[in-house]
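A short worksheet on the structure shown next.
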Amino acid sequence: MSKPTVAFFDFASCEGCQIEMTNYGAEPFLELLNHVDIVEFREAMTEKTADPIDIAFIEGSFTREADRARLEEIRRRARIVIAYGQCACTGGINALKNHQDDYKQAVYGADASMPHLDSQKAYGVDHVIKVDYYAYGCPVNKYEVLQIVSHLLHGKEPVIPNHPVCVECKRRETVCRFDEGDHCMGMVARAGCSAPCPAAGIPCEACRGFVDDPNLPALEKVLVERAGFTPQRAAEKGRMFTANALEAS
Amino acid sequence: MTSTVHIDVHHLTRVEGHGNIVVNVTDGAIEKCEWQVPEAPRFFESMVRGRHYSEVARITSRICGICAVGHTLTAVKATENALGIEISEQSRKLRELLKHAENADSHILHAYILVAPDLAGAPSVFPLVETMPDVVARALRLKRLCHEWGSLIGGRTTHPTTVVPGGLAEVPTDKDLRELKQKLAAAVPDLEATVETVAALAPSIPAFDRPTEYIALSSDQNYALYDGEIQSTLPDGTKQRYPVADYKTVTNEFLVPQSTAKYTRNKLDAYAAGALARFNNNYDMLVPEAKQVAEALGLRPICTNPYMNTVAQVVEVAHSVYDSLRLIDELLDAGVRLEPLAQPTKHGSGAQSVEVPRGILFHEYEYDADGICQSGNCIIPTNQNHNNIQHDFDVLVPQMLGAGKSEDEMELALSMLVRAYDPCISCSTHALDVKFVR
């Protein structure tokens, strides 16, 4: 029996999630190649294919109409589409400009109206095509990605966490950032990372996005009351990797 | 003499980001010869406006997944400069150790995964799993080592977490550092095998010389990666230094009539940044072991063959490994402890520079009294190399036509040339050329 085929595609992104594929080490990566055939991966391969694909990983946000046809073509060819990393899942950091109406002028000045600088608001790729599974994170958790692939190869439904990062901090007995006089977004941030940042004394920035139905008014209230944020900074805080969710709330 | 050529490489493979090569030659006349960059623009300098200083490096790290450590370090340094934050010697040494990890990490990726397939006559590293299994396993082993090395200091390598304005939020234990030292020392045989592999593939590196200006950070203390002054080296060996604060007088961004690309130039028509530029500027500051690697691979300053950038990267991997062994000893002698973060003492604007794998990187930010970012400017190495790549094309294409090279040979040579620069196109934060033929 031939192995399932896997392909990687990239849109507006830093391509760091693709780089994570090279960080497994020799044994795990070569073992992965025993189970799947990587047939297209522009950042690492010259080979391309027009054949159907079993699993398509899409990195990057949808930011311009010019990319719509390419996304639709990937969807037509792929049995399973996985949004790979936060840019593809929700728009990620790219959406941080979505609320600004002068972002082109701010970067390109007088050249801002040139047609190739076309860039609308940034969205996850599910703005255009149906996505079957989401590998959240900026960058992705490479071990969660292996789990997703493993589940799919075994015909199981991947389990994607939908509980807040606070749960993971409690589990590893990390002192709450608020108790250290700091701030944090862990109470609305999607877990699945093992909460390394608060454990290292750094606030969670919700780089895996929000849990479903986050209580954002409560986030703002806590940032003001317990972290001493100005109301304006508290309102802006949730924009970092989650601007589209903030706008939708 | 080749008289008709149509090369249209759409989205060149095995580079970070999206770039095109277009060459049209009809009846011996070159109608078009362009390196084009159609990457989707991402507007980072707009995103940072209104964000708190603690968030800015988190945001601009996301410019690039390969040089995320370098963007983070540059953004944090520029922020510290703007806010009058002085970090400790321990923080500086740990950041230098992290910088070494990133350079080695990125160079291993580039030399083994992106370039070696060309030299081995393969379309990618995957066919080499069958034909050169030892080499592929070694590449993945070294890549993993660099990932663990950088993650120990930075929390992770793709968008590091621990590097924050004022120092580091978390530091490794002495035990962690001793283990890292053992791992690096244990990698020396892999490093030596890397030099042998590159030496064996070196005859496939094209011979092509185009003298240009080489710009890199430089320092009297060390082979400047984390910090230094800007230095220019001309092909005749003339050197000049400039303060980092004056970076705009060196980069001189400009638009050309036939293109919307922002180019850079200093003393000549174009300049090069990257490993070869650093090697040409700072050869004397390499550790002895790295100089031995350079000698074994036949690399001597001033080298004017841009394809040799990959060889210079391998020399730098050796430098980073051996210099890190020394740095770890210094850290262990002093004993590493968690320090409180240094705090802001003023507000205003600050520019800083770091050598990232692909060359000299500049970030500048302005903050108000509340620590909120008012503006940002990032000038990245690939934008600085863009003009130099184009000038290489302008010399190389007529040479190849004159030598009667076939269209396929020319396409491969131009693709390999672009790959040698290891372009990092997602970093593109300024206007870029996107004219298309056909």
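Considering only B:M47, B:M132, B:M308, give the residue with the highest GNM mean-square fluctuation for chain B, with springs between Cα atoms whenever their separation is below 10 Å.
Ranking B:M47, B:M132, B:M308 by mean-square fluctuation puts B:M132 first.
Please compute the net charge surrounding B:R92, taking Lys and Arg as +1 and Asp and Glu as -1 over other residues with Cβ under 12 Å from its Cβ.
That sum, taken over residues with Cβ under 12 Å, equals -3.
Among B:S124, A:S150, A:S61, B:S61, which comes first, then next, by fewest other beta-carbon atoms within 10 Å?
Taking fewest neighbouring Cβ atoms as first place, the list is A:S150, B:S124, B:S61, A:S61.
Can you tell me the orientation of helix B:133-154 relative to chain B, as the angle in degrees between its alpha-carbon axis and the longest Cα principal axis, to the nearest 10?
30 degrees
List the lysines whose Cα lies under 16 Å from the Cα of A:K130, skipping any in the same chain that are fewer than 8 positions away.
none
Quick one: which residues, 5+ away or cross-chain, put their amide H under 5 Å from the amide H of B:S375? H built at 1.01 Å from N.
B:E366
I'd like the antiparallel share, as a percent to the nearest 5, of DSSP beta bridges with both residues in chain B.
DSSP beta bridges in chain B are roughly 95 percent antiparallel.
Mind listing the phi-derived Karplus ³J(HN,Hα) values for the stretch A:200-205, rounded to whole Hz, using 6.51, -1.76 and 1.60 with θ = phi - 60°, and x for any glycine or proline?
Listing the rounded values in order: 9, x, 10, x, 6, 9 Hz.
Assuming 0.36 nm per residue, please report the length gained on full extension of the stretch B:Q374 to B:D333 beyond their Cα-Cα distance.
My answer for the length gained is 10.6 nm.
If neighbour count is taken as other Cβ atoms inside 10 Å, put B:T79, B:T197 in order from fewest to most.
B:T197, B:T79
Which listed residue (B:N20, B:Q36, B:V163) has the Cα farthest towards the positive end of the charge dipole for chain B, taking +1 on Lys and Arg C-beta and -1 on Asp and Glu C-beta about the Cα centre?
Towards the positive end, the residue furthest out is B:V163.
Taking only the alpha-carbon atoms of the protein assembly as shown, what semi-axes of the equivalent ellipsoid follow from 5 times the gyration tensor eigenvalues under a square root, in whole Å, largest first?
Semi-axes from the Cα gyration tensor: 36, 29, 27 Å.
Please express the shape of the stretch B:288-438 as an equivalent ellipsoid: the semi-axes are the square roots of 5 times the eigenvalues of the C-alpha gyration tensor, given largest first in whole angstrom.
Semi-axes (√(5λ), whole Å): 38, 27, 10.
So, R0 is 51 Å and r is the distance between the beta-carbons of B:T238 and A:K221; what FRET efficiency does that work out to, to 0.05?
0.25
For helix B:89-108, report the angle its Cα long axis makes with the longest principal axis of the Cα atoms of chain B; keep it between 0 and 90° and round to the nearest 10°.
Roughly 20 degrees between the two axes.
Checking the a/c ratio against 1.5 first, then a/b against b/c, what shape does the Cα gyration tensor give for chain B?
oblate
When the expected Rg is taken as 2.2 N^0.38 Å, what fraction or multiple of it is the alpha-carbon Rg of the stretch A:165-248?
Dividing the Cα Rg of the stretch A:165-248 by 2.2 N^0.38 Å gives 1.00.
What's the Cα-based Rg to Rh of the stretch A:5-153, Rh via Kirkwood?
1.01
Classify the stretch B:24-127 as rounded, prolate or oblate from the Cα gyration tensor: take a ≥ b ≥ c as the square roots of its eigenvalues, call it rounded if a/c is under 1.5, otherwise prolate when a/b beats b/c and oblate if not.
It comes out oblate by the Cα gyration axes.
Beyond a 24 Å Cα-Cα separation, which of these cross-linked pairs lie in this structure: B:K93/B:K267; B:K143/B:K183; A:K97/A:K142; A:K221/B:K77; A:K142/B:K77; B:K239/B:K346?
B:K93/B:K267; A:K97/A:K142; A:K221/B:K77; A:K142/B:K77; B:K239/B:K346
With a cut-off of 8 Å between alpha carbons and a minimum separation of six or more residues, what is the relative contact order of chain B in percent?
That works out to 27 percent.
May I ask you to order B:343-352, A:238-247, B:6-15, B:361-370 by the average number of other C-beta atoms within 10 Å around their residues, highest value first?
Sorting B:343-352, A:238-247, B:6-15, B:361-370 by mean packing, highest first, produces A:238-247, B:361-370, B:6-15, B:343-352.
R0 = 35 Å: FRET efficiency of A:K130 with A:H99, Cβ-based, nearest 0.05?
That pair, A:K130 with A:H99, gives E of 0.85.
For the residues B:V135, A:V6, B:V56, what sequence is obtained by ranking on other C-beta atoms within 10 Å, fewest first?
Placing the least packed residue first, the sequence is B:V135, A:V6, B:V56.
List every residue whose amide H lies under 5 Å from the amide H of A:A78, counting only residues 5 or more places away in sequence or on a different chain, with H placed 1.01 Å from N in the peptide plane.
Counting only residues 5 or more places away or on other chains, the set is A:I53.
Taking every DSSP beta bridge that has both residues in the protein assembly as shown, what percent is antiparallel when rounded to the nearest 5?
In the protein assembly as shown, approximately 70 percent of DSSP beta bridges are antiparallel ones.
Between the stretch B:331-378 and the stretch B:47-85, what is the C-alpha centre distance in whole Å?
Result: 7 Å between the Cα centres.
For peptide B:44-56, what's the mean number of Cβ atoms from other chains within 10 Å of each residue's Cβ?
What the average comes to for B:44-56 is 6.
Helix B:188-201 versus the longest principal axis of chain B: what is the Cα-based angle in degrees, 0 to 90, to the nearest 10?
20 degrees
Can you list residues whose amide H is under 5 Å from B:E213's amide H, if they're 5+ apart or on another chain and H is modeled 1.01 Å from N?
B:A270, B:A272
No value in this document is a laboratory result; all are computed from the given coordinates. Fair warning: this is a prediction, and the values are worked out from it, not measured in the lab. For neighbour counting, all protein chains shown are included, and Cβ atoms are generated from backbone atoms with ideal geometry for every residue, glycine included.
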